[in-house]
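Visitor: The structure under discussion is supplied below as structure tokens; questions concerning it will follow.
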Amino acid sequence: MTTTIYLFRNDLRLADLPGLAAAAANGPVLPVYILDDDAAGDRAHGGASRWWLHHSLRALAADIAAGGGQLVLRSGDTVSCLQELAAVSGAGAIHFSRSYSPWERALETRLRQEFDGGVHLKRFPGVLLHEPESIANQTGEPFKVFTPFWRHCRRQNGPGLPLRTPSGVTWSKPQSSSDSLEDWALLPRNPDWAAHWPKLWTPGTAGARHALEQFLRHRLQRYASGRDHPAENATSRLSPHLRFGEISPREIWHKARELAARNPQQQDQVDKFLSELGWREFSYHLLYHFPTIPEKPFKEQFSDFPWLGNQAQLRAWQRGQTGYPVVDAGMRELWHTGYMHNRIRMVTASFLSKHLLTHWRAGERWFWDTLVDADPASNTCSWQWVAGSGADAAPYFRIFNPVIQGEKFDADGAYVRHWVPEVARLPDRWLHRPWEATDEVLSAAGVVLGDNYPRPLVDHRQAREAALSAYQQIRSG
């Protein structure tokens with residue numbers, strides 16, 4: 001029987017993987033992962049993602065080893081690596097799951113061109129609930145607004161049941177050496193800023209399934225109301241597991257639907273949760289149909305937006321030193337954990353793009369490097385949405401007021417006090433607006449503005465007027 005190479009990409013799991021199941025049904029399987037930073041270019045994994053990738057690959061390798069196989073690791077040009085592995089293994093086929101970013105699509109085109117002969121190349125679904133070409137509006141065009149997109153998706157036949165892990169896989173014995181995961185140096189050194197992350201995260205399929213089980217069992221019932229409050233443990237935290245494909249969206253979908261069938265009173269919570277999967281789908285829908293979206297504004301008028309790009313202000317934002325406590329709390333949570341609560345992602349992104357008039361690409365790139373769930377579709381589309389230049393974006397004049405956002409969604413200050421201890425002793429009334437407190441209040445709380453905590457980089461009202469004035473320029477230009 002002929003060996004099939006299974007090329008892992010953004011699908012680091014064994015269950016619900018159609019390409020792997022088909023390969024296992026045909027004979028021996030050689031499992032391979034190739035780190036191709038040159039092909040990815042400026043979309044190579046950022047620092048936080050590389051940490052996750054290291055641990056996710058280690059978990060996948062352990063899962064394969066439990067069945068008697070060995071995950072082959074290679075770094076370098078994907079085509080060259082596959083050609084060499086196919087030659088030494090005698091592989092007659094290469095299977096892989098489809099990917100959607102521009103660089104991954106270009107790589108797939110190159111693979112088809114290079115393997116046009118003896119080795120059969122086959123691409124499979126497995127990353128999304130619906131393939132992008134299968135969803136279109138009444139005129140056959142791609143959707144540009146989320147609500148009708150998701151309504152259309154919900155009217156389709158539900159995603160098929162997830163496939164089980166193939167039983168009795170015959171793993172092909174590697175005929176050539178594998179790279180060492182440690183030699184790839186994916187983990188940070190000098191300093192090891194992620195030394196505490198194993199206490200926060202468990203990459204791999206087992207960690208993904210545990211996270212889903214804990215969410216459905218303990219937190220789903222308050223998801224719709226609690227998901228906007230960053231101090232509450234009300235969200236699933238599944239995004240990095242989805243980003244690396246350690247669990248399939250179909251498995252999440254059906255597990256959530258099964259819970260709703262058993263507990264109809266939680267149907268609304270399930271629907272709200274699944275709509276977040278829908279936003280992920282919509283982001284990939286946009287990325288596929290509009291592949292320039294990572295670099296260019298979806299709304300062309302924003303090509304002429306007069307961004308300021310103050311580098312000192314950008315660095316202050318990155319370090320969580322803007323003088324707005326809820327913004328600073330979010331940026332510090334990001335640096336410390338590789339993650340940021342979704343509500344706070346919107347607040348911090350709005351602050352950078354609309355208060356500081358710094359190009360959304362600068363913020364998106366910072367998130368790309370610091371988020372463990374940095375996703376080529378969701379990260380880009382969400383940044384453009386907040387900046388006002390994206391599909392389905394809120395009107396530009398809707399500018400998040402960081403004070404009101406803090407007072408509304410962190411009313412008791414638990415989130416800010418955890419991440420911004422400099423202001424923790426301030427009374428609730430002044431916690432989100434310390435510059436308005438009296439000298440006596442500040443002194444009693446140990447806050448010295450401009451010394452141990454910065455004054456606001458900008459005044460909200462003036463920043464809002466400047467943003468609206470900039471927007472008016474491109475409207476009338």
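The values are calculated or read from the model by the stated rules, or taken from the named source; none is laboratory data. The model shown is predicted, which means the values in this text are computed figures rather than measured ones. No Cβ is skipped: glycine too gets one built from the backbone with ideal geometry, and neighbour counts run over all protein chains shown.
Visitor: Give region 78-97 a look and list any residue that's buried (at least 21 other Cβ atoms within 10 Å of the Cβ) and either part of a loop (DSSP other than H, G, I, E, B) or not assigned by TED's automatic domain parsing to the domain that holds D42 (or both), or say none.
Guide: Matches in region 78-97: A91 only.
Visitor: For residues that are assigned to a helix (DSSP H, G or I) and either in contact with a Cys (Cβ under 7 Å, 6 or more places away or on another chain) or hydroxyl-bearing (S, T, Y) (or both), scanning just region 288-321, find the one that is surrounded by the most Cβ atoms within 10 Å (Cβ to Cβ).
Guide: Checked region 288-321; the qualifying residue surrounded by the most Cβ atoms within 10 Å (Cβ to Cβ) is Y288.
Visitor: Which one is surrounded by the fewest Cβ atoms within 10 Å (Cβ to Cβ), of the residues in region 431-477 that are among the hydroxyl-bearing types (S, T, Y), under 20 Å from V420 (Cα atoms) and free of Cβ contacts under 8 Å to residues at least 24 places away in the same chain?
Guide: T438
Visitor: Separate question: Which residue out of S167, S178 is closer than 23 Å to T205 by Cα, touching a residue at least 40 places away in the same chain (Cβ under 8 Å), more than 24 Å from the chain's Cα centre (by Cα) and in a loop (DSSP other than H, G, I, E, B)?
Guide: It is S178.
Visitor: Quick one: in region 417-430, of everything that is part of a loop (DSSP other than H, G, I, E, B) and free of Cβ contacts under 8 Å to residues at least 24 places away in the same chain, which residue is nearest to W335 (Cα to Cα)?
Guide: It comes out as A424.
Yes/no matrix, rows are residues, columns are (1) under 30 Å from G158 (Cβ atoms); (2) of a type in the set (S, T, Y); (3) assigned by TED's automatic domain parsing to the domain that holds R13:
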{"residue": "N26", "(1), (2), (3)": "yes, no, yes"}
{"residue": "D38", "(1), (2), (3)": "no, no, yes"}
{"residue": "L57", "(1), (2), (3)": "no, no, yes"}
{"residue": "G76", "(1), (2), (3)": "no, no, yes"}
{"residue": "S101", "(1), (2), (3)": "yes, yes, yes"}
{"residue": "E104", "(1), (2), (3)": "yes, no, yes"}
{"residue": "L107", "(1), (2), (3)": "no, no, yes"}
{"residue": "G118", "(1), (2), (3)": "no, no, yes"}
{"residue": "E133", "(1), (2), (3)": "yes, no, no"}
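Visitor: Quick check: anything in region 400-412 of a type in the set (F, W, Y) and not in a helix (DSSP H, G or I)?
Guide: Scanning region 400-412 turns up at least one residue that is of a type in the set (F, W, Y) and not in a helix (DSSP H, G or I).
Visitor: Quick one: would you say G41 is of a type outside the set (S, T, Y), surrounded by fewer than 23 Cβ atoms within 10 Å (Cβ to Cβ) and farther than 19 Å from E104 by Cα?
Guide: Taking the combined requirement at face value, the residue does not satisfy it.
Visitor: Now for a different question. Suppose the filter is assigned to a loop (DSSP other than H, G, I, E, B), assigned by TED's automatic domain parsing to the domain that holds Y415, surrounded by 21 or more Cβ atoms within 10 Å (Cβ to Cβ) and at pLDDT 95 or above; does A329 pass it?
Guide: So A329 does not fit the description; no.
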